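Note sheet for the following structure.
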Amino acid sequence: MIISSLLAAEGLAQLGCSLGAGIAVIGAGLGIGKIGSSAMDAIARQPEASGKIQTNMILTSAFVDGCALFAIVACAFLI
């Protein structure tokens, strides 16, 4: 009885970790999409500033992607 409850608790922990990693990836995807959309709007309004806008967009996307990767690794370590 005790072994089955421990296995059930471990299974729920693995389910929670996988759901957490999935939510982190979905959030990062939405965030990067919003960054790209806002950058394209800004470039359409001020084409002469496109170089600076693209640089900031790429840096911000990399930071968001790094945070998502950190969340995935943290969820993987909890398994």
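Throughout, read-outs are computed from the coordinates displayed, never taken from laboratory work. Given the structure is predicted, the values throughout are model-derived calculations rather than measurements. Here the Cβ positions follow ideal geometry from the backbone for every residue, glycine too, while neighbour counts run over all protein chains shown.
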Phi to ³J(HN,Hα) by Karplus 6.51 cos²θ - 1.76 cosθ + 1.60 over segment 18-24, Hz, x for Gly, Pro:
5, 5, x, 5, x, 5, 5
How do Ile35, Ile26 rank when sorted from fewest to most other Cβ atoms within 10 Å of their own Cβ?
Ile26, Ile35
For segment 21-69, just say rounded, prolate or oblate: build the C-alpha gyration tensor, square-root its eigenvalues into a ≥ b ≥ c, call rounded for a/c under 1.5, and beyond that prolate if a/b exceeds b/c, oblate if not.
oblate
In nanometres, what is the gap between the two model label sites at Leu69 and Glu48, each 7 Å from Cα along Cα-to-Cβ?
3.7
